[in-house]
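Worksheet: the structure to be examined is printed underneath.
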Amino acid sequence: MIDEKKLIQELKHPKSKEKAFRVLISVYKERLYWHIRKIVISHDDADDVLQNTFIKVFKNIENFKEESKLYSWMYRIATNESITFINKRAKQKNISLEEMQTKMIDNLESDSYFEGDHAQIQLQKAISRLPQKQQLVFNMKYFDDLKYQEIADILETSVGALKASYHHAVKKIEEFLRTN
Amino acid sequence: MKKDDKHNDFLNREKDLYQKNGFSTPDAYFESFEDDLMSKILEEEIKEKSSTKTGMKVPDLYFDSLEEKIFENLPKEEKKSKIRFLNTSNFYRFASVAAAAILIIWIMTTKKEQNSLNFDSISNNELNNWVTNETGDLGTYELAALYEDNEDLLGQDILFTNTISDEDLELYLNDIEIEDLLDSEN
């Protein structure tokens with residue numbers, strides 16, 4: 001268990017910043033990695049985005065106003081970085097976001113860092129067809145088992161809106177899995 | 001008492017009981033209860049058909065080497081210069097010469113830029129692009145109104161000061177293609 005307040009103070013102090021940052025990385029690297037990986041799908045892309053996320057955290061920790069929890073601030077940065085990454089990729093390839101996501105899932109089957117079975121690929125396909133916000137909510141609730149309030153803090157939205165998003169998401173996914 | 005009435009009576013009494021017992025629920029708990037329950041049922045069905053695992057994995061020892069990789073890419077702090085000027089009079093002399101040189105270069109560059117900015121230096125392409133892109137909202141009526149508004153200022157013969165020879169005009173009218181005209185109409 002880490003003392004979040006103390007860690008933030010150490011991160012903001014030049015003398016203790018580096019040591020505290022190492023603690024921060026060791027605590028959050030895996031959680032953030034898997035959050036990012038589920039959005040960008042490939043390991044190499046997740047690695048790039050994760051590093052950028054931590055660099056952003058390091059550069060901006062002085063501006064962190066502590067109005068939210070540290071983890072929700074970091075998840076927010078990771079989410080923004082991941083979405084920006086996919087949007088940029090789609091723009092570079094001159095394709096729509098939907099086409100980009102279909103391409104990402106198609107590549108998953110030949111990815112050496114994917115060992116899922118047919119059912120898991122089908123689930124990823126079903127997720128990729130959802131609107132972006134529903135994808136985020138579904139991933140955080142279904143795979144990461146985060147609470148609605150925690151997701152609401154990360155995405156800066158209301159619990160009511162999230163519940164509705166999750167409901168639409170599971171409905172569409174169940175239907176996709178039933179018919180495909 | 002009918003069966004339905006009995007049932008309703010039971011429900012009303014139960015509601016009163018719950019509201020008096022001191023317990024409370026989160027805001028809108030019962031409003032979203034049906035949707036929450038349905039979400040849970042659908043979630044269980046997804047779990048049965050698929051898995052709660054993504055099937056994604058990471059290279060061996062990836063997380064062990066991550067910390068160092070991040071530190072390598074962190075912005076390096078600029079080290080403060082430790083150069084000391086031993087002879088301050090030489091420093092000021094050098095600084096004033098450098099400042100004068102910069103000033104002269106700046107004046108010459110600015111003057112050159114000013115000289116090079118005139119109507120002749122604008123290429124036809126640039127003019128065409130400007131007319132096409134920047135005057136899109138200006139129709140014939142707007143242009144006519146603009147001319148009328150500035151007639152006194154511009155001088156009455158301003159549009160006809162350039163004389164075109166009959167030969168040039170004939171050549172132009174013979175060369176122009178109908179399709180070009182249609183294109184320009186469209």
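For A:HIS168, the solvent-accessible surface with a 1.4 Å probe is about 90 Å², rounded to the nearest 10. The C-alpha atoms of chain A define a longest principal axis, and helix A:70-92 lies at about 50 degrees to it. Cα centroids of segment A:13-78 and segment A:86-101: 25 Å apart. Shown for chain A: the carbon plus sulfur share of the solvent-accessible area, taken with all protein chains present and a 1.4 angstrom probe, equals 46%. Within the full protein context, the accessible area of A:SER110 is estimated at about 100 Å² for a probe radius of 1.4 Å.
Scalar couplings 3J(HN,Hα) for segment A:117-130, obtained by applying the Karplus form with A = 6.51, B = -1.76, C = 1.60 to θ = phi - 60°, are 8, 4, 5, 6, 5, 4, 5, 5, 4, 4, 5, 5, 7, 7 Hz; x denotes Gly and Pro.
Taking all protein chains into account, the per residue accessible area for chain A stands at 51 Å² (1.4 Å probe). With R₀ set to 25 Å, the beta-carbon distance separating A:LYS59 from A:LYS91 gives a calculated FRET efficiency near 0.55.
Grab the beta carbon distance between B:GLU67 and A:SER112, set R0 = 35 Å, and tell me the FRET efficiency rounded to 0.05. Once the sixth-power term is evaluated, E becomes 0.90. Could you point to the residue in A:THR79, A:LEU108, A:ILE25 farthest towards the positive end of segment A:1-112's charge dipole, with +1 and -1 charges on the Cβ of Lys/Arg and Asp/Glu respectively? Toward the positive end, the furthest listed residue is A:ILE25. How tilted is helix A:43-60 with respect to the longest principal axis of chain A? Cα atoms for both, answer in degrees (0 to 90, nearest 10). Approximately 30 degrees, to the nearest 10. Backbone amide hydrogens, once placed in the peptide plane, bring B:MET56 within less than 5 Å of A:GLU115, excluding anything fewer than 5 places away on its chain.
Burial here means at least 10 square angstrom less accessible surface with every protein chain in place than with the chain by itself, probed at 1.4 Å; in segment A:45-60 the buried residues are A:ASP47, A:LEU50, A:GLN51, A:PHE54, A:ILE55, A:PHE58, A:LYS59. Pairing chain B with chain A buries about 3600 Å² of accessible area. This figure sums both sides and uses a 1.4 Å probe. R0 = 30 Å: FRET efficiency of A:LYS103 with A:VAL27, Cβ-based, nearest 0.05? So the FRET efficiency works out to roughly 0.35. Simple spin-label model, 7 Å along Cα-to-Cβ: B:ASP60 to A:GLU18 in nm? The modelled label-to-label distance comes out at 3.1 nm. Heavy-atom accessible area with a 1.4 Å probe sorts B:TRP106, A:TRP34, largest first, into B:TRP106, A:TRP34.
The values are calculated or read from the model by the stated rules, or taken from the named source; none is laboratory data. Small disclaimer: the values here were computed from a predicted structure and weren't measured. FYI the Cβ positions are ideal-geometry reconstructions off the backbone, even for glycines, and counts take in every protein chain you see. Each accessible area value is taken on the protein alone, full model and side chains, heavy atoms only, with ligands, DNA and RNA left out. Shrake-Rupley method; radii C 1.70, N 1.55, O 1.52, S 1.80 Å.
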